[in-house]
1. If you go through the stretch 103-110 one residue at a time, do you hit one that is surrounded by 14 or more Cβ atoms within 10 Å (Cβ to Cβ), part of a strand (DSSP E or B) and not hydroxyl-bearing (Ser, Thr, Tyr)?
2. Quick check on the stretch 79-97: of everything there that is in a loop (DSSP other than H, G, I, E, B) and surrounded by 14 or more Cβ atoms within 10 Å (Cβ to Cβ), which residue is nearest to the chain's Cα centre (by Cα)?
3. Can you pull out the residues in the stretch 27-53 that are crowded, with 18+ Cβ neighbours inside 10 Å, within 15 Å of LYS144 (Cβ to Cβ) and either among the hydroxyl-bearing types (Ser, Thr, Tyr) or without any contact (Cβ under 8 Å) to a residue 12 or more places away in the chain (or both)?
4. Can you tell me how many residues in the stretch 74-92 are touching a strand residue (DSSP E or B) at 6+ places or on another chain (Cβ under 7 Å) and modelled with pLDDT under 95?
5. Taking the stretch 30-78 on its own, how many of its residues are in a loop (DSSP other than H, G, I, E, B) and either within 17 Å of ASP19 (Cβ to Cβ) or out of contact with any helix residue (DSSP H, G or I) (no Cβ under 8 Å at 6 or more places or on another chain) (or both)?
Amino acid sequence: MKNPRPIHPDFQFLLDFKDPEVIGLFTDLRTYILELYPDCNELVYHTHALTAVFSISDKLSDAFCMLPIYTNHLNLGFNKGTLLKDPNKLLTGTGNLIRHIDVKKSSDYRNPEVQALIQEAIDFAIKDMDNPTKSIGKTISKIKKK
């Protein structure tokens with residue numbers, strides 16, 4: 001599935017300032033996540049990093065993974081990474097909850113081990129969600145326009 005849903009214009013405007021290689025990796029990884037869970041909501045932010053967050057609801061607290069884009073690289077982050085099994089020890093980081101995988105090439109995420117980790121994160125988020133959501137398969141911009 002190519003371009004499962006368009007990138008939000010607020011996000012695309014800022015994404016276009018990034019390195020073309022990083023843009024290509026982001027676009028492919030975003031497509032991969034949306035293929036794995038097409039009904040997820042995508043919340044887009046611009047804080048310390050340009051970030052797409054994938055959630056089973058319209059809330060950040062129900063997110064299962066995120067793609068923060070920094071100056072010259074991006075990560076595949078897991079919002080509750082310390083609570084995932086991670087049998088292949090793919091996740092790095094030292095925070096209380098968040099863990100990530102460094103992304104330098106598509107083989108860093110297009111593999112069965114990462115697919116299983118994303119699926120575990122989705123399953124965990126569904127089980128952990130407090131209230132059912134009415135938002136399904138939307139992209140929601142949280143980017144403040146100046």
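The values are calculated or read from the model by the stated rules, or taken from the named source; none is laboratory data. Remember, predicted model here, so these are calculated numbers, not experimental data. Using ideal geometry, Cβ is built from the backbone for each residue, glycine included, and neighbour counts are taken over all protein chains shown.
1. Looking only at the stretch 103-110, we keep the residues that are surrounded by 14 or more Cβ atoms within 10 Å (Cβ to Cβ), and these are 103, 108-109.
Now drop any that are not part of a strand (DSSP E or B), which leaves 103.
Then keep just the ones that are not hydroxyl-bearing (Ser, Thr, Tyr); that gives 103.
Yes, the stretch 103-110 contains at least one residue that is surrounded by 14 or more Cβ atoms within 10 Å (Cβ to Cβ), part of a strand (DSSP E or B) and not hydroxyl-bearing (Ser, Thr, Tyr).
2. It comes out as ASN79.
3. If the condition is that a residue be crowded, with 18+ Cβ neighbours inside 10 Å, within 15 Å of LYS144 (Cβ to Cβ) and either among the hydroxyl-bearing types (Ser, Thr, Tyr) or without any contact (Cβ under 8 Å) to a residue 12 or more places away in the chain (or both), then TYR45, THR51 are the ones that fit.
4. Going residue by residue through the stretch 74-92, those that are touching a strand residue (DSSP E or B) at 6+ places or on another chain (Cβ under 7 Å) are 74-79, 81-82, 84, 90-92.
Checking which are modelled with pLDDT under 95 leaves us with 79.
Count: 1.
5. Restricting attention to the stretch 30-78, the residues satisfying the condition of being in a loop (DSSP other than H, G, I, E, B) are 37-40, 47-49, 56-59, 70-73.
Okay, now just the ones that are also either within 17 Å of ASP19 (Cβ to Cβ) or out of contact with any helix residue (DSSP H, G or I) (no Cβ under 8 Å at 6 or more places or on another chain) (or both), so 38-39, 47-49, 57-59, 70-73.
So the count comes out to 12.
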